[in-house]
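Contents: one structure, followed by commentary.
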Amino acid sequence: MDKVRVRYAPSPTGHLHIGGARTALFNYLFAKHHHGDFVFRIEDTDIERNIEGGEASQLDNLAWLGIIPDESPVNPNPKYAPYRQMERLDIYKKHTEWLLEHGCAYKCFCTPEELEAEHERQTAAGQAPMYNGKCAHLTPEEVAEKEAAGMPYTIRIRVPENEVYEFDDMIRGHVSFESKDIGDWVLVKANGIPTYNYAVVIDDHSMDITHVFRGEEHLSNTPKQLMLYKMFGWEAPKFGHMTLIVNENRKKLSKRDESIMQFVSQYKDEGYLPDAMFNFMALLGWSPEGEQEIFTHQELIEAFDEHRLSKSPSMFDKQKLIWVNNRYIKERSLDEVVALCKPFLAKKYDLTNKSDEWIEQLVSVYHDQLSYGAEICDLVDVFFEDEITMDEEAQEFMKDETIPNTLHVFKEKLSELEEFNKENIQACIKATQKEAKARGKMLYMPIRIATTGIMHGPDLASCICLIGKETAIERLSKF
Ligand code: GLU
């Protein structure tokens, strides 16, 4: 097999979407599995839709995920450059001339209004709308005349009659399309800029692309591309059309769906870990052999096998992402998790009087349960409030008549402590158990509610340590 070369070819019309990131990831895993190249190319021919910074944002988000292209507009291989379609117009032009000379394409002078009217007529007659071939047989003189009159034109491909375009899709198996179902489509728009289906063929061929993994919305484009490969006498790459990503209601992920964060940068901003995202996305439409779900970058490269790409839609399971991310957070050192959480804490709370040690202790209490960085702020309010607040259930619980004595004993023990640390606080709880004869729930729950206001939480001694001796005693005195 030739050296594997794949590409991810986004339009710079937005930021890196989950769907795009998954396409990039599968191409990347396939390339690296086969020791091949992963190329990043920009399809920017839809100029009105391009956004400022779109390309850099795509590249930055890929880099955050750990996907670094071997070639890209910022890291070009001179053999294949340039990597932005708008910088390749002269390359397309040469090929267009060849197609025109060989009768494979023709100039079409139909106006948008004419085309629109024909489209409506065909639809009303229950026909599939396609170009009616009006300009397909203009004589050279007629063409010259219209051009001389300054009439704008597009260039259309002359779709061959009675051809069948078939290929073995790496995911879907054998697929075939008939040319009679495809009207003469536009290769070059009136502004001289090629359409996607045209430019992509020239680029994939001239960049020696061997395999293409892309979204299933491109399946119906493939026969259009195959007819060009055939006309030019080029070998087409192998195609694999990946299934949709759907939400929990089995609906296609659309950019407007607010139930799921759709852009990679949003996950970065919420404190998800890039290697967890990489791992999670690799399982969106691909499954390894066996039950393993947590993989390193390198393990995924080794395990990746295109035969195990799914034929059915893959569900974006938020709970699973949270689970995967938590697994990665647990593996990180406390220092790393503190670094992850601190910006979120600093944004919500005033940390000026909090020592680094205190912040570290705070994060360490939640280290094992944390799903993503920003979540820390949903968990730690009780450590930043001046007063505790109890809900009704806690208030009801605190009515038990044995509680004041238990709390009193505990408070006395705490007051005597010289070194206020977790171990010593734990010893005070134990001593209170004996002296106040309170056990289990009747020991822990009152102390927790009195000091934090809440009925459940992480390790009690650690919580009291974070609250501090003075505040804990003050709170205990109120009961
Ligand atoms: N620019 C196209 C897209 O973003 C690429 C399609 C392809 O991979 O051929 O969908």
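The values are calculated or read from the model by the stated rules, or taken from the named source; none is laboratory data. Model, not experiment: these values are computed from the prediction. Here the Cβ positions follow ideal geometry from the backbone for every residue, glycine too, while neighbour counts run over all protein chains shown.
Quick check on the stretch 216-231. Is at least one of its residues more than 26 Å from the chain's Cα centre (by Cα), away from the ligand (no atom under 16 Å from the Cβ) and crowded, with 17+ Cβ neighbours inside 10 Å?
We begin by selecting, within the stretch 216-231, every residue more than 26 Å from the chain's Cα centre (by Cα); these are 223-231.
In the following step, the residues that additionally are away from the ligand (no atom under 16 Å from the Cβ) were identified as 230-231.
From what's left, crowded, with 17+ Cβ neighbours inside 10 Å: 231.
Taking every residue of the stretch 216-231 in turn, at least one turns out to be more than 26 Å from the chain's Cα centre (by Cα), away from the ligand (no atom under 16 Å from the Cβ) and crowded, with 17+ Cβ neighbours inside 10 Å.
Of the residues making up the stretch 181-215, those that are modelled with pLDDT of 95 or more and away from the ligand (no atom under 15 Å from the Cβ) are Ile182, Gly183, Asp184, Trp185, Val186, Leu187, Val188, Lys189, Ala190, Asn191, Gly192, Asp208. The residue pairs whose first member lies in the stretch 126-153 and is without any contact (Cβ under 8 Å) to a residue 60 or more places away in the chain and surrounded by 14 or more Cβ atoms within 10 Å (Cβ to Cβ), whose second member is of a type in the set (Asp, Glu) and assigned to a loop (DSSP other than H, G, I, E, B), and whose beta carbons are closer than 7 Å, counting only pairs six or more residues apart or on different chains, are Tyr131/Asp184; Gly133/Asp184. Among the residues making up the stretch 451-479, those that are in a helix (DSSP H, G or I), touching a residue at least 60 places away in the same chain (Cβ under 8 Å) and either in contact with a strand residue (DSSP E or B) (Cβ under 7 Å, 6 or more places away or on another chain) or not aliphatic (A, V, I, L, M) (or both) are Thr451, Thr452, Ser462, Cys463, Cys465, Arg475, Ser477. Among the residues of the stretch 13-52, those identified as more than 14 Å from the ligand (Cβ to nearest atom) and modelled with pLDDT under 95 are Glu48, Glu52. Going through (1) more than 21 Å from Pro237 (Cβ to Cβ); (2) under 39 Å from the mean Cα position of the chain (by Cα); (3) surrounded by fewer than 17 Cβ atoms within 10 Å (Cβ to Cβ) one by one, Glu166 falls short only on (1).
Right, Asp60: within 16 Å of the ligand (Cβ to nearest atom) and surrounded by fewer than 21 Cβ atoms within 10 Å (Cβ to Cβ) or not?
In short, no.
Of all the residues in the stretch 44-57, those that are buried (at least 16 other Cβ atoms within 10 Å of the Cβ), farther than 28 Å from Leu300 by Cα and among the acidic types (Asp, Glu) number 1.
Across the stretch 340-395, which residue is surrounded by the most Cβ atoms within 10 Å (Cβ to Cβ) among those that are of a type in the set (A, V, I, L, M), in a loop (DSSP other than H, G, I, E, B) and out of contact with any Leu (no Cβ under 7 Å at 6 or more places or on another chain)?
Step one: of the stretch 340-395, the residues of a type in the set (A, V, I, L, M) are 340, 345-346, 351, 359, 362-363, 365, 370, 374, 376, 379-380, 382, 388, 390, 394.
Imposing the further condition that a residue be in a loop (DSSP other than H, G, I, E, B) reduces the set to 351, 370, 380, 388, 390.
Now drop any that are not out of contact with any Leu (no Cβ under 7 Å at 6 or more places or on another chain), which leaves 370, 388, 390.
On the way: Leu370: 22, Ile388: 17, Met390: 16.
It comes out as Leu370.
Is there a residue being part of a loop (DSSP other than H, G, I, E, B) and under 26 Å from Ile171 (Cβ atoms) anywhere in the stretch 262-282? Scanning the stretch 262-282 turns up at least one residue that is part of a loop (DSSP other than H, G, I, E, B) and under 26 Å from Ile171 (Cβ atoms). Contact map, the stretch 34-46: residues that are farther than 14 Å from Ile202 by Cβ paired with residues that are within 9 Å of the ligand (Cβ to nearest atom) and assigned to a strand (DSSP E or B), Cβ distance under 9 Å, separation 6+ or inter-chain. Pairs shown: Asp37/Arg7; Phe38/Arg7; Phe38/Tyr8; Val39/Arg7; Val39/Tyr8; Phe40/Arg7; Phe40/Tyr8.
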